[in-house]
Amino acid sequence: MSETSSATIDGSRAGAGDARPSGTMLAVADGVALLAFVAVGLRSHRIGAIAETAARNAVPLAVGWAVVSLVVATYRRRDLASLVITWAIAVPTALLVRTWWVGSPRGAGIAVFLVVGLVFTLLFLSIGRRGVGAHSVASGVAPPIVTTSSTPRVPAPGAARSFWLQEALSQEPGDPAPPLTTNVVADVCIVGGGFAGLWTAIELSARDPDLRIALIEQDICGGGASGRNGGFFSASWWDAPAVCSLFGDDEGMRYLRAISDTVGEAGAWLGEHVVDAWFHHEGVLRVATGAWQTEPEGTSAAEFLAARGERDRLRAIGLDEARAIASSPRFVSASFAPESAVVQPARLARGLRRVALQRGVQIFERTAMTGLERSRPAVVRTPHGAVKASQVVLTTGAWAAGWPGFRRSFGVIVDQVVATEPIPDLLREIGWTSQVGVGDGRELLY
Ligand SMILES: Cc1cc2nc3c(=O)[nH]c(=O)nc-3n(C[C@H](O)[C@H](O)[C@H](O)COP(=O)(O)OP(=O)(O)OC[C@H]3O[C@@H](n4cnc5c(N)ncnc54)[C@H](O)[C@@H]3O)c2cc1C
């Protein structure tokens, strides 16, 4: 049996929360808008594209805009205020220089020329910025998010329930959480009922039990990646070289220690809240099953950690020790992370849902956000009702890649889990009777 689903990576330098276009994109959009303004102006006055005339109109604007935007740092700040300041200084200055250079208009015509120039440059800039998905120049309000159905390769809600979720639902369907059919008011509205949304709801309610929290989920909680993943509750030590190369040794190691601590903390939390997610904290074995999966000497994560005094986090182990965990003839090298765990992910998601409901979180399943008004309070629109909330937390995982404004911040990758029929005899034969997770060096296949 196999299933295919999707997970997200944040490919933007600005981070997943910053959905604004890059400074370069904004600069290009503004440049094109100003050139279009000059071209339309020349054409409307029936002035041909004579190089000298065109230059006298375009150069003051281009130079003025470049200088002022550098001083204001318009494309580093990327906000509406810096655009307005740049426009208010650069455009009238450039238009006056152009008037002096061209020698017209004169007298009262200069004031009319300035007003028309300011209005039309603002209009062209507004169109350009809308074109790249930035703020509306005219209103100063960020555009609403309207969800689309064009998310690439992301399963439709309810389509092909995962093996894990079928198993979890057959054992514990949980209390009903009917769809939203009216308008409600909350302090926080969470959109998406996967691990991120459910843990957020639980953590917020723990910090402030009086907080009114509404969570909407287009499918059922756990219907996304959280209920259909590989089940490795990993301490991430194998990623140490990559993490430290990105963030530096100090920050990278701090991050990895914190991630590692969450495994034990989660185990304790699940026990305390009687969430039986088949959480087994017995470690994870990673093996190479071919020369192509082995790491060149001196580059392995285990060696990297040993050099930083963290030898016990991840141990390179011999084949005998690896085969004592699961005796496969295919292993050619192995390492063991004692702090990692495995879990039945859909049971975890459904257990988190139960705890959230018990804490008074209002969960509306089969309720898709169809639009988000970024007003104060914000309004989350759904087909049959709306949630008005002071704060909105978007935890929609891979689906966010289908939203205008977020597309450039997410890349969708396809990850696969293959499940076999139960094979207890074979497991006994190879001695894999513990709950140690075993993974090989392949990416995106479990
Ligand atoms: C095959 C596979 C194997 C994986 N294996 C592992 C592993 O072994 N270990 C590990 O740590 N990670 C693994 N991952 C990654 C892990 O599953 C995800 O990182 C995690 O589940 C993401 O949780 P989430 O809450 O952000 O997203 P999701 O669980 O996807 O939740 C997002 C939710 O938002 C809902 N939603 C989307 N749009 C809307 C809308 N407009 N309105 C309302 N609701 C909406 C969706 O229906 C979904 O339920 C794997 C992922 C996959 C796909």
Filtered residues of the stretch 23-62 (kept if modelled with pLDDT of 90 or more and either of a type in the set (Asp, Glu) or over 18 Å from PHE124 (Cα atoms) (or both)): ASP30
Residue count, the stretch 188-212 (criterion: closer than 23 Å to PRO157 by Cα, more than 6 Å from the ligand (Cβ to nearest atom) and not in a helix (DSSP H, G or I)): 2
Of the criteria (1) modelled with pLDDT of 95 or more; (2) within 21 Å of the chain's Cα centre (by Cα), which one ASP239 fails: (1)
Pairs where the first residue, in the stretch 196-221, is in the same structural domain as GLY397 (by TED's automatic domain parsing) and the second is near the ligand (Cβ under 7 Å from one of its atoms) and among the acidic types (Asp, Glu), C-beta under 8 Å, 6+ apart: GLY197/GLU217
Residue within the stretch 328-340 that is farther than 18 Å from GLY439 by Cα and either β-branched (Val, Ile, Thr) or modelled with pLDDT under 95 (or both) present: no
Residues satisfying the stated conditions in the stretch 408-431, i.e. surrounded by 18 or more Cβ atoms within 10 Å (Cβ to Cβ) and more than 13 Å from the ligand (Cβ to nearest atom): ARG408, SER409
Which numbered condition SER104 fails, given (1) assigned to a helix (DSSP H, G or I); (2) more than 40 Å from the chain's Cα centre (by Cα): (1)
Subset of the stretch 382-402 [more than 11 Å from the chain's Cα centre (by Cα) and either within 10 Å of the ligand (Cβ to nearest atom) or outside the structural domain of ALA156 (by TED's automatic domain parsing) (or both)]: THR382, GLY402
Among (1) at pLDDT below 95; (2) among the polar types (S, T, N, Q); (3) more than 25 Å from the chain's Cα centre (by Cα); (4) closer than 27 Å to SER300 by Cβ - the single one THR420 does not satisfy: (4)
The listed residue being within 22 Å of PRO179 (Cα to Cα), more than 22 Å from the chain's Cα centre (by Cα), more than 13 Å from the ligand (Cβ to nearest atom) and modelled with pLDDT of 95 or more, out of VAL436, VAL379, VAL355: VAL355
Helices (runs of 4 or more DSSP H) contained in the stretch 284-370 and holding at least 2 residues within 24 Å of ASP425 (Cα to Cα), touching a Gly at 6+ places or on another chain (Cβ under 8 Å) and in the same structural domain as ARG228 (by TED's automatic domain parsing): 319-325
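The values are calculated or read from the model by the stated rules, or taken from the named source; none is laboratory data. All values derive from a computational prediction rather than experimental measurement. Note that each Cβ is placed from the backbone with ideal geometry, even for glycine, and that neighbours are counted across all protein chains shown.
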